[in-house]
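The values are calculated or read from the model by the stated rules, or taken from the named source; none is laboratory data. Since this is a predicted model, take the numbers as computed values, not measurements. Note that each Cβ is placed from the backbone with ideal geometry, even for glycine, and that neighbours are counted across all protein chains shown.
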Amino acid sequence: MPDLRKDTTMRVIAVSTLVASASLLAACSGQGNYTREGASLAKERMSVMKSATEWEMGRQAFLAGDLNKALRKVDASLSLNESVTKSHVLKGRILIEMGELGQALKSLHTAEALDPKDPDAQYYLGIVFERLNRPEDAAEHFMAACELDDYNPAHAVAAAEMLVDLDRAEEAREYLLSMPMAGDNAGIRQMLGHIALIDGRNEEAVKYFSEARLLAPDDAAIQENLIRAQMLVGQHAAAELNIAALRKNPANADRRDLKLLHAEALLAVNRPVEARSIYQELLSDPDMASDVSAWIGLGNASYMVGDQRTLRKAASRVVALDPSSHEGYAMWALCHRRDGQYEKALTSINQAIERSPEDPSFHAAKAMILADLGRTAEAVQSARTASRLAPGDSGYATLVNQLRAGTYASAPTE
């Protein structure tokens, strides 16, 4: 007779074994899924890290000026992770510098699509449109960048520049003044100065450039802006001091434009000897031998110091270099008059008037020469023409009255 307890025990053991085996298989399957998930996440993290590393290498290459390497690295970064906005922005910037504006536009539009609120994407889109000579589009993107980051002055200044290009200077001015950092940013004060110059508000320009200089005392461009504005409003002494300070910088030692500006300022503050020295130094350079403005300056300085020989040379050179200009003939008129050659002086001043009939100073000079010749009635007529052309200048009216009263004194000759 079979042992029922033994059979029952064996069945229980068998069932338990099957259950345990099934549980073990299930557990092994779950562990495998978990392992695969972890591996996938680890791989993704590694791709992100590699992408970030390639991006940083691309950025460093871009900053170093190695554009080809920078492009390779940013492309490698995008191949690992193409959903990063800053990578598309960097690629756009690289392509801008390479002159590939169409491709740059594509990359930056991708960045814009990924993150419409990224200010850098908007700003560099503005740069591309500016280079494509599309100022309306450029202004739109620069303004969008500024709305997203209104404490970055570069965005506001770029937008203002585009508005100025569109002949909307007043709108540009109001836009800049509305910026939260308008009062304490050198770039914005500088741009306001440029706008003031465009509108002919020269005194206001001096104010803005002065404020910009206080905010950025080491910015040479701002200092030059201030100097030129000071020259326009007649602040020649201040301008001369600022130019002298600029010229002490070794980097500016050979700058011809600063030398010319310095000589002009020295003439304006009645220091013609120093001005003449600068002009002579400039014109001793073969590359400057045909610079008409330098010859004109030399002629003016020479006249002021009574250097007739150099005045004749300057007048001759200006007429030869630019026969259509009135300047050379005006210098000849001054030279001939001082030499007592009044008929020659009259011929020269008439030639100057033919080339610049609206210049009141030439008509006044003609009046003086006619007075030297004893042709008083004609002299009065010329002086009246000068006064009519410049009604706000009392000097010409005084000349008319002196000639009519016979109290005008002819110029002494050497």
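List of remarks:
- Screening the stretch 137-166 for residues that are part of a loop (DSSP other than H, G, I, E, B) and modelled with pLDDT under 95 and picking the one that is surrounded by the most Cβ atoms within 10 Å (Cβ to Cβ) gives N152.
- Output for the stretch 343-358, where each listed residue is among the small types (G, A, S) and more than 37 Å from the chain's Cα centre (by Cα): A345, S348
- Looking at G99, G126, G92, just one residue is over 23 Å from Q60 (Cβ atoms) and either surrounded by 24 or more Cβ atoms within 10 Å (Cβ to Cβ) or without any contact (Cβ under 8 Å) to a residue 12 or more places away in the chain (or both), and that residue is G126.
- Yes/no for L266 being free of Cβ contacts under 8 Å to residues at least 60 places away in the same chain, crowded, with 23+ Cβ neighbours inside 10 Å and more than 30 Å from N152 (Cβ to Cβ): yes
- Condition broken by T310, with the remaining ones in (1) over 30 Å from Q280 (Cβ atoms); (2) of a type outside the set (G, A, S); (3) in contact with a Leu (Cβ under 7 Å, 6 or more places away or on another chain) satisfied: (1)
- Given (1) free of Cβ contacts under 8 Å to residues at least 24 places away in the same chain; (2) within 19 Å of I227 (Cβ to Cβ); (3) in a helix (DSSP H, G or I), index of the condition R309 fails: (2)
- Contacts under 7 angstrom Cβ, first residue in the stretch 205-223 being closer than 21 Å to D257 by Cβ, partner among the charged types (D, E, K, R), 6 or more apart: A212/R189; I222/R213; Q223/R213
So that you can scan it fast, the table gives a plain yes or no per residue for (1) charged (D, E, K, R); (2) over 20 Å from I127 (Cα atoms); (3) modelled with pLDDT of 95 or more; (4) over 16 Å from the mean Cα position of the chain (by Cα):
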| site | (1), (2), (3), (4) |
| --- | --- |
| R173 | yes, yes, yes, yes |
| S178 | no, yes, no, yes |
| L226 | no, yes, yes, no |
| V233 | no, yes, yes, yes |
| A237 | no, yes, yes, yes |
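- Screening A111 with (1) touching a Ser or Thr at 6+ places or on another chain (Cβ under 6 Å); (2) modelled with pLDDT under 95 gives one miss only, at (2).
- A single member of A113, A121 is of a type in the set (A, V, I, L, M, F, W, C), in contact with a helix residue (DSSP H, G or I) (Cβ under 8 Å, 6 or more places away or on another chain) and either on the phi < 0 side of the Ramachandran plot or in a helix (DSSP H, G or I) (or both), and it is A121.
- Scanning the stretch 275-292 for residues that are under 18 Å from M304 (Cα atoms) and either surrounded by 16 or more Cβ atoms within 10 Å (Cβ to Cβ) or aliphatic (A, V, I, L, M) (or both) yields A275, R276, I278, Y279.
- Answer residue from the stretch 374-414, given it is within 22 Å of G306 (Cα to Cα) and either assigned to a helix (DSSP H, G or I) or not hydroxyl-bearing (S, T, Y) (or both) and is modelled with the lowest pLDDT among those: E414
- From the list N270, N242, N300, N252, the one residue that fits, being of a type outside the set (V, I, T) and modelled with pLDDT under 95, is N252.
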